[in-house]
1. Condition (residue is in contact (Cβ under 8 Å) with a residue 24 or more places away in the chain, closer than 26 Å to residue 225 by Cβ, out of contact with any Asp or Glu (no Cβ under 8 Å at 6 or more places or on another chain) and buried (at least 22 other Cβ atoms within 10 Å of the Cβ)) applied to the stretch 106-117: is it met by at least one residue?
2. If you check every pair at least six apart or on different chains, which have Cβ atoms under 7 Å apart with a residue in the stretch 79-96 that is among the hydrophobic types (A, V, I, L, M, F, W, C) first and a residue that is not in a loop (DSSP other than H, G, I, E, B) second?
3. Give just the number: which of (1) part of a helix (DSSP H, G or I); (2) buried (at least 20 other Cβ atoms within 10 Å of the Cβ); (3) not hydrophobic (A, V, I, L, M, F, W, C) does residue 78 not satisfy?
4. Test residue 259 against the stated conditions and say whether it is closer than 17 Å to residue 61 by Cβ and surrounded by 15 or more Cβ atoms within 10 Å (Cβ to Cβ).
5. Quick check, is residue 248 at pLDDT 95 or above, farther than 19 Å from residue 74 by Cα, of a type outside the set (Asp, Glu) and exposed (fewer than 15 other Cβ atoms within 10 Å of the Cβ)?
6. Residue 216 is checked against (1) in contact (Cβ under 8 Å) with a residue 12 or more places away in the chain; (2) part of a loop (DSSP other than H, G, I, E, B) and fails just one. What number does that condition carry?
7. Considering only the stretch 219-309, give the helices (runs of 4 or more DSSP H) lying wholly within it that have at least 2 residues that are touching a residue at least 60 places away in the same chain (Cβ under 8 Å) and on the phi < 0 side of the Ramachandran plot.
8. Looking for whichever is surrounded by fewer than 18 Cβ atoms within 10 Å (Cβ to Cβ) and touching a Pro at 6+ places or on another chain (Cβ under 7 Å) here; the options are 122, 138, 185. Which one fits?
Amino acid sequence: MFKYLFSTFKLLFIITLILVSCSKKNSDFNDSETENITENPSEITKPNILLVIADDMGLDASPGYEIGSIKPYMPNLEKLAANGITFNNVWSNPTCTPTRSSILTGKYGVRTNMLKVGDVLSTSETSIQKYLANNLGSTYSHAVIGKWHLSTDPNHPTNMGVGYYAGLLTGAVSSYWDWNLTENSQTTTSTEYATTKITDLAIDWVENKTNPWFLWVAYSAPHTPFHLPPTNLHSQGNLPSDEASIVTNPLPYYMAMLEAMDSEMGRLMNSLSQEEKENTVIIFIGDNGTPQQVAQEYNSSRTKGSLYQ
């Protein structure tokens with residue numbers, strides 16, 4: 001299910017549970033008027049939820065939207081869109097920190113003092129993970145893997161109620177091949193390509209789960225630094241990899257990073273068993289608009305950092 005949305009995520013989660021329950025009942029209907037339709041709610045299969053967040057991916061860079069004359073090749077995302085729901089009337093915060101805190105808490109940034117990059121989310125706020133634990137106990141396993149950007153404290157994800165955290169605490173990596181990886185409060189240096197490593201961690205986490213799960217995967221891509229990803233992950237060809245070439249014409253590198261993310265996202269989805277796929281709701285969003293240096297058909301007041309992006 002392909003969704004660009006920036007509304008209350010707690011409400012979305014509750015609605016998802018209701019819709020899946022109703023869908024299961026409807027799919028079991030037949031024409032017999034004598035069929036026993038009573039069903040024990042405890043027997044309804046609770047869905048897995050996979051939330052994927054792209055970093056700095058606006059509509060002009062998104063398949064399926066008319067805005068933007070140059071589009072990345074993202075077959076996995078396009079398949080989700082073809083089989084799901086695409087939102088055309090959407091709004092996001094100008095930058096990523098307020099968006100991420102709003103998804104986590106279900107509150108606008110003005111209510112949590114999360115108004116700009118660098119603001120720190122108070123651990124007194126109720127996250128969706130805390131909400132799940134308080135209302136469903138241990139029914140759901142949950143993890144956040146990838147970019148956090150709500151605090152640089154290694155303990156912050158855990159203090160916000162996240163069951164398992166692994167990823168980047170800050171807003172961006174200085175290099176996609178040399179970056180600080182924090183896993184459950186311990187920080188080390190990773191020399192694995194960040195988009196691939198985040199996917200590996202997500203696959204490993206899901207692999208042995210026997211109960212329903214909520215997995216939040218936040219890729220750093222396609223956030224700067226623009227670069228040439230591993231050649232097997234994109235279709236942009238043999239672009240020069242020197243800094244001068246990237247600065248002169250960053251758009252194909254931005255597209256390559258999006259394609260690499262799509263390749264890895266497909267690998268993550270393909271790692272699920274057929275049974276898991278049929279019981280998993282997939283939500284894909286971008287945290288804010290496209291950066292000015294690679295934005296298409298927008299003026300400077302309608303890109304990342306603007307209320308009108």
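The values are calculated or read from the model by the stated rules, or taken from the named source; none is laboratory data. As the structure is a prediction and not an experimental result, all values here were calculated from the model. In this analysis, Cβ positions are derived from the backbone assuming ideal geometry, glycine residues included, and neighbour counts consider all displayed protein chains.
1. yes
2. 80/282; 80/284
3. If we test residue 78 against (1) part of a helix (DSSP H, G or I); (2) buried (at least 20 other Cβ atoms within 10 Å of the Cβ); (3) not hydrophobic (A, V, I, L, M, F, W, C), just (2) comes out false.
4. It is true that residue 259 is closer than 17 Å to residue 61 by Cβ and surrounded by 15 or more Cβ atoms within 10 Å (Cβ to Cβ).
5. yes
6. Here residue 216 clears every test but (2).
7. Working: elements: 243-248, 251-270, 274-278.
By residue number, 251-270.
8. Unique residue meeting the criteria: 185.
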